[in-house]
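Asks: Got a structure for you, questions after.
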Amino acid sequence: MDLMMALKRVCRVLLFVTQMYVFSGRGSLSFEYSQPVAQPLKDTFPSSTTATSIKATTTKMPEYMEICPSNGQCSRLASDCMTCATNYSCIYGKLVTFNCTAKNGVVCFDENSQRQEYFTISMACQFCWQLPPSDYVCNLSSSCKTISCPRQRYNTTCTVLDHVHCLGNRTFPKMLYCNWTGGYKWSTALALSITLGGFGADRFYLGQWREGLGKLFSFGGLGIWTLIDVFLISVGYVGPADGSLYI
C-alpha cells in the first residue's frame, strides 16, 4: 500500500511539473510557427506600385485615335488628328496654307516616308457652315412635309466629313428643306392616274385612302377629278400621304 501511494504522489508531481512547463515562457514556441503563415497572406495583396502600373496600362486611348491612320501621310490625316494654326483674316474663297502638327500619339510621314512633326495643309478660306452640301452630313427628319406651300424646313445638326478642312466648328446647326422619301415613285403614280385614275388607284397608291374611295364611288368624279389628278401628279403638287418626296 505504501508503494502504491508513493507511485501516485510521484505521478502527481510529474503532472504538476509538466503543466508548469507548458504554461511557462517556453509556451511561446507555439507562436513561432504561426508567424510565417501570415506572411504569405500579406504578400498576396499587390503593392501600391503594382496597382499604379496596372492603372496606367488600362488608361483609355483618346477618341481621335480610332479615326487616325497609322503611319500614313500627314497631308491626308483627318482634321481631328492634327492641330493647325488657323488664321481667320484670310480672304473668303481664296486658297490658304496653314502650319499644322499631328496630335499626341499620331505618327505620320511625308511623301518620302520621312517622319514629320510639322507640315502644312492647303484649303479654301471658308467656315464649315459655308461648305457645299457634299462636304458634310446632316441628321435627316422624317416628320416634316415635303409637299407643302411654302415648302417646309426643319432645324438639324450637320457634321463635316473627316477629310474636309474648314474654319470654325466642324459641327454646326443648319436649316434644311424637307427632302426625305418614303419610296414612292412619281412615274408609277402618274401611270396609275392615267390608266386607273377613275377607280382611285393613284390615290390608293399614294396612301390617300379617303380620296381614293371618293374617286372609286364617283367614277373619278365623272372623269373630271381624274383629269385634274393627272395634271396635279404630273406637276408634283399631289404627293405621298406621308409627306415624303417621290423617288
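None of the figures in this text is laboratory data; all of them are computed from the coordinates on show. Predicted, not measured: the structure shown is a model, and the values here were computed from it. Every residue, glycine among them, receives a Cβ derived from its backbone with ideal geometry; neighbour counts consider all protein chains shown.
Asks: Ala102 is checked against (1) among the small types (Gly, Ala, Ser); (2) farther than 22 Å from Cys158 by Cβ; (3) loosely packed, with under 13 Cβ neighbours inside 10 Å and fails just one. What number does that condition carry?
Replies: The failed condition is (3).
Asks: State whether one or more residues within the stretch 183-200 are in contact with a Pro (Cβ under 9 Å, 6 or more places away or on another chain), under 25 Å from Pro150 (Cα atoms) and not small (Gly, Ala, Ser).
Replies: Scanning the stretch 183-200, I find at least one residue that is in contact with a Pro (Cβ under 9 Å, 6 or more places away or on another chain), under 25 Å from Pro150 (Cα atoms) and not small (Gly, Ala, Ser), so the answer is yes.
Asks: Filter the stretch 138-169 down to the residues that are in contact with a helix residue (DSSP H, G or I) (Cβ under 8 Å, 6 or more places away or on another chain), crowded, with 18+ Cβ neighbours inside 10 Å and in a loop (DSSP other than H, G, I, E, B) and list them by number.
Replies: Matches in the stretch 138-169: His165, Cys166.
Asks: Among the helices (runs of 4 or more DSSP H) confined wholly to the stretch 175-247, which include 1 or more residues that are out of contact with any strand residue (DSSP E or B) (no Cβ under 6 Å at 6 or more places or on another chain), surrounded by fewer than 17 Cβ atoms within 10 Å (Cβ to Cβ) and without any contact (Cβ under 8 Å) to a residue 24 or more places away in the chain?
Replies: In the stretch 175-247, 186-196, 209-217, 219-222, 224-234 are the helices (runs of 4 or more DSSP H) which contain 1 or more residues that are out of contact with any strand residue (DSSP E or B) (no Cβ under 6 Å at 6 or more places or on another chain), surrounded by fewer than 17 Cβ atoms within 10 Å (Cβ to Cβ) and without any contact (Cβ under 8 Å) to a residue 24 or more places away in the chain.
Asks: I'm checking my understanding of the structure. Among residues of the stretch 110-137 that are assigned to a strand (DSSP E or B) and surrounded by 15 or more Cβ atoms within 10 Å (Cβ to Cβ), which one is nearest to the chain's Cα centre (by Cα)?
Replies: Among residues in the stretch 110-137 that are assigned to a strand (DSSP E or B) and surrounded by 15 or more Cβ atoms within 10 Å (Cβ to Cβ), the one nearest to the chain's Cα centre (by Cα) is Tyr136.
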